[in-house]
Structure formats: structure tokens, C-alpha cells
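What follows is a set of notes on a single structure, which appears directly below.
The values are calculated or read from the model by the stated rules, or taken from the named source; none is laboratory data. Remember, predicted model here, so these are calculated numbers, not experimental data. Glycine gets a Cβ as well: all are built from the backbone with ideal geometry, and neighbour counts include every protein chain shown.
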Amino acid sequence: MKSLFAKTAVFALAALALALPAQLQAQDEPQPQQEFVTLGTGGVTGVYYPVGGVICNLVGKTRRAKEHNIRCTVESTGASVFNVNAIRSGDLSMGIVQSDVQYYAYKGVEQFQDAGADPDLRVLFSLQSEAFTLVARDDANIQAFEDLQGKRMNLGDPGSGNRNTLELLMKEYGWTPEVFSLATDLKPAEMAGALCDNKIDAFVYVVGHPNGSIQEAANTCSSHLVPVTGEKVDAFVAKYPFYPSAVIKGGTYKGSTRDVQTFGPRATLMASSKLPENIAYQVTKAVFTNFDEFKSLHPALADLTPQNMLDGNSAPFHPGALRYFKEAGLTVPE
């Protein structure tokens, strides 16, 4: 019996001796360094915030599958203009930006004239179309954009792409804020409440649909969507081709049963050329290789295809995104 115990102990010690070098070697092997990225979005009631969450969730899914070691977090921000400036300063790794704001920032025009052109801006891919959406109280007698004169109007959050688009269209009409009886600068989360509390007559939101703020206004008080059409709008779209025509489908919101004609830019995911190529590659790959799941997580993404997510951009693609597009056999627009 003693001989048996002795042999067992010898075998155990031998096995331990063989295992230790392997364990020590595994401990000595360098582990992949974690990389952290922050994705700037918009207000929590808009589309940018949940879409940014979808992107980061898919990056997390592929990280757990051991494809990389990137941790992606979402930040609610003041939207497009804020995100561009934060990318430029290095405070954000990536940001969702309207295609018009992308153009202005890359070229250094409009609100970026003082800061100058930003040749380091890069695109990963495009996202949903965004409609210039005019919401009005039923009792305000607003049936067209021209009817806003003399009304209480929310211009939007200063620094947002939403406000920038409205101000550009106002220039086409020769308007200044003085044409309104009241001009406010409420954030998206505040607009529906102000409309239904009868503090404003109308607000504009450049956003994908369906949208929480507009849904809140439609369900809480008597309101409707107003078509934004006519000769001046046609001239505006011709002048700014990154604002194509858009349609908000009838029945999307209570009080608006017919299709509503308007225009609007695309949302795009932007970064700087300083973002490491592998991060841009892995973020792009995470979305495109889980495309059906990506589309299903928000109604605003329903009309996307892998190919049309390469359209609507004015800045160059990031090399990391281009690397994935080449692997996937997608055609990159000139």
C-alpha cells in the first residue's frame, strides 16, 4: 500500500512539474492591450444615441468573440457640430455627424470658417437618412414652411446640425430669427414638452424616423407634420446636393396619416485620420458582418444596405474602413 501511495505521489509531482512551465509561459505571454474608444451621438431622445449604442454593442460582441480588444462606449452630446469639434480636439474617438456638417467641417466653410478646413476628418460609413421634420400644433395654423412667420419657433440647440440646417434654409427665404414672434434654442429632449405646454408653436428636428420626441408630441397633444416643399426648397436642395429629397411615411405618427414630403441629409460615422487603422477596421467589420442584427435594432436603419452605407460622403474614407470594404467586395464611390 505504501508503495502504491508513493508511486501516486511521484506521478502527481511529475505532472505538476510538467504543467508549471506551461502555466508560467502563459502568464509571461503579453496579453493584448485594451483599446478604448468613445462614440459621440446626440440627445437621448434622438436616433443618434440608440444607433451609437447599437454600434458599440456590436463592437462588444466581436470583442467577446476574441476578434479584438476594443471597448466602445457611447456618449450623449450636442450632436453633429459638437461631435466634429470633439473629434478634432481628440475628446472623441468617433462621432455621428450629418453629411452636410461633414462637408462644412472638411472644407472649412459655414460655421467652420474660423476654425478652417479639417483635412484629417475621415468617414467610416454612412447611416440612416434624416428628414428635415417640421412639427406644429394643430391650432397654430401652420400648413407650410412659409406659415412660420410670426409664430413661436424653436430654432434648436446651438451648435447642432439640426439648427444649422434650419438657419441655412432660413437664408434661402431671406429670414432672420426676427421673423418669429419668439425664437427659442431648446434641446431635442425639451421640444415636445414645450410644444404641448403651448410655449412654442412649432419645432424642426433633422432626424431619422420614428423618433421619440416627435412621437411624444404626436401622442401628447394635437399636432402634425408639415410638408417642406416649394420653389425655394427646390433651389435650396439644388444648391446643397447633400440634402436630397426625403419622405416621412404616413402613419408613422398619430395625426399624420399621409406621406410628408421634405428633404434631409445622411447620418455618417466619422473619425480622425489619427484613429488607429485597426480600430476603424474592427468597428466597420463588427457592423457589416452583423448587418441583419444591426438593421433590426432600430427602425431608422431598415432601408440600409451594405452598399448604400458607402454613399453620401464628402470626406475621404478611413483606411481601416477601406480595408474592410475591399475584403467584403464592396464598391467604393469615387
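With respect to the stated conditions, residue 53 fails to be at pLDDT 95 or above, surrounded by fewer than 22 Cβ atoms within 10 Å (Cβ to Cβ) and under 23 Å from residue 241 (Cβ atoms).
Where residues in the range 194-212 are assigned to a loop (DSSP other than H, G, I, E, B) and not basic (Lys, Arg), which of them is nearest to residue 162 (Cα to Cα)? Only one residue fits best here, namely 208. Looking only at residues in the range 219-259 that are in contact with a Ser or Thr (Cβ under 6 Å, 6 or more places away or on another chain) and surrounded by 15 or more Cβ atoms within 10 Å (Cβ to Cβ), the one that is modelled with the lowest pLDDT is 242. Screening residue 142 on (1) surrounded by 15 or more Cβ atoms within 10 Å (Cβ to Cβ); (2) under 21 Å from the mean Cα position of the chain (by Cα); (3) part of a loop (DSSP other than H, G, I, E, B); (4) not basic (Lys, Arg) shows it passes everything except condition (2). Put simply, of 47, 74 the only residue that is in contact (Cβ under 8 Å) with a residue 60 or more places away in the chain, of a type in the set (A, V, I, L, M) and assigned by TED's automatic domain parsing to the domain that holds residue 321 is 47. Scanning the range 51-108 for residues that are in a loop (DSSP other than H, G, I, E, B) and of a type in the set (Val, Ile, Thr) yields a single hit, 77. Only residues that are acidic (Asp, Glu) and either under 15 Å from the mean Cα position of the chain (by Cα) or crowded, with 19+ Cβ neighbours inside 10 Å (or both) were counted across the range 73-112, and they come to 2. Cβ separations smaller than 9 Å between residues 6+ apart or across chains give the following pairs from the range 177-203 residues that are in the same structural domain as residue 215 (by TED's automatic domain parsing) to residues that are part of a loop (DSSP other than H, G, I, E, B) and among the aromatic types (Phe, Trp, Tyr): 201/180. Screening the candidates 286, 235 for the property of being more than 17 Å from the chain's Cα centre (by Cα), in contact (Cβ under 8 Å) with a residue 60 or more places away in the chain and assigned to a helix (DSSP H, G or I) yields one hit, 235. Every condition in (1) surrounded by 22 or more Cβ atoms within 10 Å (Cβ to Cβ); (2) within 15 Å of residue 321 (Cα to Cα) holds for residue 300 except the one numbered (2).
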